[in-house]
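S.K.: Okay, here's the structure, questions in a sec.
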Amino acid sequence: MLTPKYPPQDTAPPATAVHTPAPLQPSAPAPVPVAPVSNRPTVQLTPRSALALAAGGGAVVLAVGAVLVSLLLAVAITGMSVAVVAVVLRSMLKDFNNQR
C-alpha cells in the first residue's frame, strides 16, 4: 500500500542525437561582454535625508528599548509578588499546623 509505484522502463523518451559543436575560428575576435544597464532608480542621500534617516533609526531603537524594559519590569514585579505570596502562604500554613 505504501510502496512507491515506478513507471515501466520502456516508457522513457528516446535518446536524441548528439550535437557536436562547430570548430572555433581563431581569426575572429571574441565579443566583449557588456554589463547590463539597471532600470532601477538610484537612491542619493542628501545631508538632510541622512539626518532624517538617523533620527528615525534612533526613534525606533528608543521605542523598542522602552518596550523591552517595560516587559522586563513586568516580569520582575510579577516574580516579586509571587515570592511575597509564597512567604505569606508558608507562614499561614505554619501557624495553621501549630494550632492543632
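S.K.: Hey, can you tell me all the residues within the stretch 1-59 that are modelled with pLDDT of 85 or more, loosely packed, with under 10 Cβ neighbours inside 10 Å and among the polar types (S, T, N, Q)?
M.R.: Within the stretch 1-59, T3, T46 qualify.
S.K.: Condition first: in a loop (DSSP other than H, G, I, E, B) and not hydrophobic (A, V, I, L, M, F, W, C). Now tell me which residues in the stretch 33-60 satisfy that.
M.R.: P33, P36, S38, N39, R40, P41, T42, Q44, T46
S.K.: Looking at the structure I just gave you, is L71 at pLDDT 75 or above, out of contact with any Pro (no Cβ under 6 Å at 6 or more places or on another chain) and not basic (K, R)?
M.R.: Yes.
The values are calculated or read from the model by the stated rules, or taken from the named source; none is laboratory data. Given the structure is predicted, the values throughout are model-derived calculations rather than measurements. Using ideal geometry, Cβ is built from the backbone for each residue, glycine included, and neighbour counts are taken over all protein chains shown.
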